[in-house]
Amino acid sequence: MSEHVVSLTVDGVEVKVPAGTPVIQAAERAGSVVPHYCYHPGIPSRPAQCRMCLVEIEGQPKLQPSCVMIAQEGMIVHTQSEQALEARRSVIEFLLLNHPLDCPICDAAGQCMLQDYAYETGQLSSRYEEPKLVLGRDRIAEDILYFADRCIICTRCVRFMEDIAGDNSLVVAQRGHKAYIDTFPGQELEHAFRGNIVDVCPVGALVHEDFVFKARAWDMDTAPGICAGCSQGCNIEVNVKENQVVRVKPRYNADVNGYWMCDEGRRHLVMANRGLRLDVPMIRRGDVLEAVTWSEAIEWIAASAPWGAGGVAVVHPGESNETLFALRELIGALGIAGGGYRMSRGEEVELPGFPRLKLRQDRAPNGAGAELFGFSETDAVPVPEAGQTLLVAGDRLLDAGSDYGAQAGFYVYLGTHMTEGASSATVILPLAGAGEADGTYVNFDGLVQRFHQAMQPPGVARPGWMVIDRLLREVEPDRPPMRDVAAAFGSMAAATPELEGLSWRGLGLKGGRTAGRATVTGAR
Amino acid sequence: MTRKIHPAVVSAQPFQVANLRPTDRLFEDEEGRDRLEKAISRYPDKRAALLPMLAYAQERNGWVSPESMQQVAEALDLTPAYVNSVATFYTMYNKHPTGRHMIQVCTCVACHLCGGEEVFEAFLEATGTVPGAMSEDGKYVVMEAECLGACGFATAVQVNDRYFENVTPETVGEVLARLEQDGGE
């Protein structure tokens, strides 16, 4: 037996864990989840103050908090013994003394650890007959509300701010049953990663104001995604109700973002798909852009585009690898030699307690992917010569006027939003936006990560790779089709040495490394 | 009036002296800087001087105001929120203005048996206040106190840093008259 491994028995199951593992984690490995509040695997400080994770350890006279008790060789742990259950029931009874039980209007209902454990271990009614203490609610930050009555003072939020965010301005005020979480009177919490205090809250005490009363936990659809806010590529969970993003939460990935994400990322997807969306293909007939069906648009482009004649192109680093790969093929077929992309930049924000995660300067998810497919960064949109072909994909042309591209001979605009710069387009093809398609991004670190469709694109908008594949097959009928995203990824990986050995299925939800990471340059 | 205080007793000062030398800035005069320096010198790190400095703020102003908390935070390199958290944890730091005479009536076991509750009620009636709230003229605040350590002379009443013993509801008027006569000291 190595001295770095200890073996112990939890509820009759023998497990081997690395030395130094707390009992609560060893128990999890043995299949026994010990209820807990103040313990959070991502927060280093463990005050053992909620007393919920008490377990019985043979040979020890009293119950021990399993979050701080380190597993020892030969330990025999009972997480479900009568004594442990009794202790847990008592903790729940204490926590519920002044709890308002407003689950029917609480946003955490259905995802609340107090609710779960009260159902699991608690009693049907309370023995407490005194009037409940009412503490009211408060605004903790510009976008975060605090319901003091629901709070169980686990201090996860305070310790996240202190240990991970390095900001000591969220504290426990008062004491005992009157204790509540507060900032200094008159001040609000200002930190680029403050939204995580809502995620670590095991109950409904801390809520994002833009989510309050929006959706019940069981009414939302959820899809795993990748945050498109910057090149970090945080793994996220997109919560959708009635085809609208109502909430974005971080999804655990130790290599990228741990348990955390920044506030800008949370807002990004909620805001990204607002505005005037393109929902139907349009082709120019005389002075007007006329809405047509996909088959009409595809056939028309195949017949009238100046294939092989050359031109200029600009793409967007927010498009998926599959779309960028397809765009490269399309640009090649049009005879355009290489395209550019524009990257918006912002200030870098660090998270001191989790240095791997930063809000990166590159405020688009796939700059590395754009580089990988041969696009290079430019500062301005390309200006075509008279009669030349112009292709714009994904770039929203926010700085272009309505006469942009007017001199082009053939102007293809593929995008999600109608914009002034597209007014002169010969053909407009509607693409699925962020959260509306499956695909992959390459993050700043060369990690290829999958994201999944969370909602329906508007109208007949479709993912870029699907549109372009259909168009290219109209021109060259022999091309192998990309029937689904896995096939699209397969065709892409086969043609890209850096993606060798990667497959859609193989990436899973944790991503895969690009081979020869050094070739992915330019990402910050 | 400036009292020179030896560093050894700097944190052992009476925890309230009501509203005698109200000031906006705690650490801008010599006395304040001196107290701060002495308190810091007693501990291995600055943060530990927080309790004595809050006590000093209360000693000077009669209560610990949000402004005082901010000044203490700045002086000790802490966040105001943290100072607030500590100040609100301890009940003996007054978080509201206490008036000129802070009357604390012991209602713990011994005094309770000897009529502490009645004395408390009598003080409230005589001053026309509710528990813990300052009278309109800023003269009095009446609150219940835990054991004042004068159980042999129940009921004990502490006014600022001064003790009155064997107080009964009948002698409440006398106590108030003496406070009136002596001013704040």
Exercise for review: Among residues belonging to the stretch A:183-242 that are open to solvent by 10 Å² or more (accessible area, probe 1.4 Å), β-branched (V, I, T) and more than 22 Å from A:M161 (Cβ to Cβ), point out the one that is farthest from the chain's Cα centre (by Cα).
Suggested key: A:T222
Study note, to complete from the structure: Filtering the stretch A:102-129 for residues that are of a type outside the set (S, T, N, Q), over 20 Å from A:H208 (Cα atoms) and surrounded by 12 or more Cβ atoms within 10 Å (Cβ to Cβ) leaves a count of 6
**Study point:** Tally of residues being crowded, with 24+ Cβ neighbours inside 10 Å, in a loop (DSSP other than H, G, I, E, B) and of a type in the set (S, T, N, Q) across the stretch A:440-467
**Key:** 1
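Could you grab me the full set of residues in the stretch A:485-516 that are in contact (Cβ under 8 Å) with a residue 24 or more places away in the chain and open to solvent by 80 Å² or more (accessible area, probe 1.4 Å)? Step through it out loud before you land on a result.
Within the stretch A:485-516, the subset in contact (Cβ under 8 Å) with a residue 24 or more places away in the chain is A:485, A:488-489, A:491-492, A:495-496, A:498-499, A:502, A:504, A:507-514.
Hits for the stretch A:485-516 are A:K510, A:R513.
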Review point. Which residue pairs have Cβ atoms under 8 Å apart, sit 6 or more places apart or on different chains, and have a first residue in the stretch A:265-282 that is over 20 Å from A:N235 (Cβ atoms) and assigned to a loop (DSSP other than H, G, I, E, B) and a second that is of a type in the set (D, E, K, R) and open to solvent by 60 Å² or more (accessible area, probe 1.4 Å)?
Key: A:P281/A:E296
Review point. Only one of these conditions is not met by A:I153: (1) open to solvent by 50 Å² or more (accessible area, probe 1.4 Å); (2) of a type in the set (A, V, I, L, M); (3) within 14 Å of chain B (Cβ to nearest Cβ); (4) within 24 Å of A:R88 (Cα to Cα). Which number is it?
Key: (1)
Revision key, fill the gap. Per the list (1) open to solvent by less than 20 Å² (accessible area, probe 1.4 Å); (2) assigned to a loop (DSSP other than H, G, I, E, B); (3) in contact with a strand residue (DSSP E or B) (Cβ under 9 Å, 6 or more places away or on another chain), residue check on A:V55 breaks on (2)
Point to revise | Odd one out for A:R194, checked against (1) within 26 Å of A:I92 (Cβ to Cβ); (2) within 14 Å of another protein chain (Cβ to nearest Cβ) | key: (1)
**Study point:** Leading residue by the ranking (surrounded by the fewest Cβ atoms within 10 Å (Cβ to Cβ)) among those in the stretch B:70-102 that are closer than 16 Å to B:R47 by Cα and among the charged types (D, E, K, R)
**Key:** B:D77
Point to revise | A:A291 at pLDDT 95 or above, open to solvent by 10 Å² or more (accessible area, probe 1.4 Å) and within 37 Å of the chain's Cα centre (by Cα) | key: yes
Check your understanding: Out of curiosity, is A:I43 in a helix (DSSP H, G or I) and either modelled with pLDDT under 95 or not polar (S, T, N, Q) (or both)?
Key -> no
Study note, to complete from the structure: Flagged in the stretch A:389-408 as open to solvent by less than 50 Å² (accessible area, probe 1.4 Å) and either assigned to a strand (DSSP E or B) or over 20 Å from A:A326 (Cβ atoms) (or both), in numbering order, are A:T389, A:L390, A:L391, A:V392, A:A393, A:L397, A:A400, A:G401, A:Y404, A:G405, A:A408
Check your understanding: If a residue has to be farther than 14 Å from B:F89 by Cα and either among the hydroxyl-bearing types (S, T, Y) or away from every other protein chain (no Cβ under 13 Å) (or both) to count, how many in the stretch A:160-182 make the cut?
Key -> 4
**Study point:** Scan of the stretch A:42-51 for residues that are closer than 25 Å to A:E86 by Cα and surrounded by fewer than 22 Cβ atoms within 10 Å (Cβ to Cβ), ordered by number
**Key:** A:R46, A:P47, A:A48, A:Q49, A:R51
Exercise for review: Looking at (1) among the hydrophobic types (A, V, I, L, M, F, W, C); (2) over 28 Å from A:L359 (Cβ atoms); (3) within 14 Å of another protein chain (Cβ to nearest Cβ); (4) open to solvent by less than 50 Å² (accessible area, probe 1.4 Å), find the lone condition where A:L135 falls short.
Suggested key: (4)
Revision key, fill the gap. In the set A:A380, A:A425, A:A437, A:A368, the lone residue that is among the aliphatic types (A, V, I, L, M), in contact with a strand residue (DSSP E or B) (Cβ under 7 Å, 6 or more places away or on another chain) and assigned to a loop (DSSP other than H, G, I, E, B) is A:A425
Practice item. Give the residues of the stretch A:1-40 that are assigned to a loop (DSSP other than H, G, I, E, B), crowded, with 16+ Cβ neighbours inside 10 Å, in contact with a helix residue (DSSP H, G or I) (Cβ under 8 Å, 6 or more places away or on another chain) and hydrophobic (A, V, I, L, M, F, W, C), sorted by residue number. Key: A:V34, A:C38
**Study point:** Residues located in the stretch A:324-381, provided they are under 21 Å from A:G225 (Cα atoms), open to solvent by 40 Å² or more (accessible area, probe 1.4 Å) and among the charged types (D, E, K, R)
**Key:** A:R356, A:K358, A:R363
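The values are calculated or read from the model by the stated rules, or taken from the named source; none is laboratory data. Everything numeric here is computed off the predicted structure, so don't read it as measured data. Positions of Cβ are generated from backbone atoms using ideal geometry, with glycine treated the same way; all protein chains shown enter the neighbour counts. When the accessible area is computed, the model is the full protein with side chains, heavy atoms only, and any ligands, DNA or RNA have been set aside. Shrake-Rupley method; radii C 1.70, N 1.55, O 1.52, S 1.80 Å.
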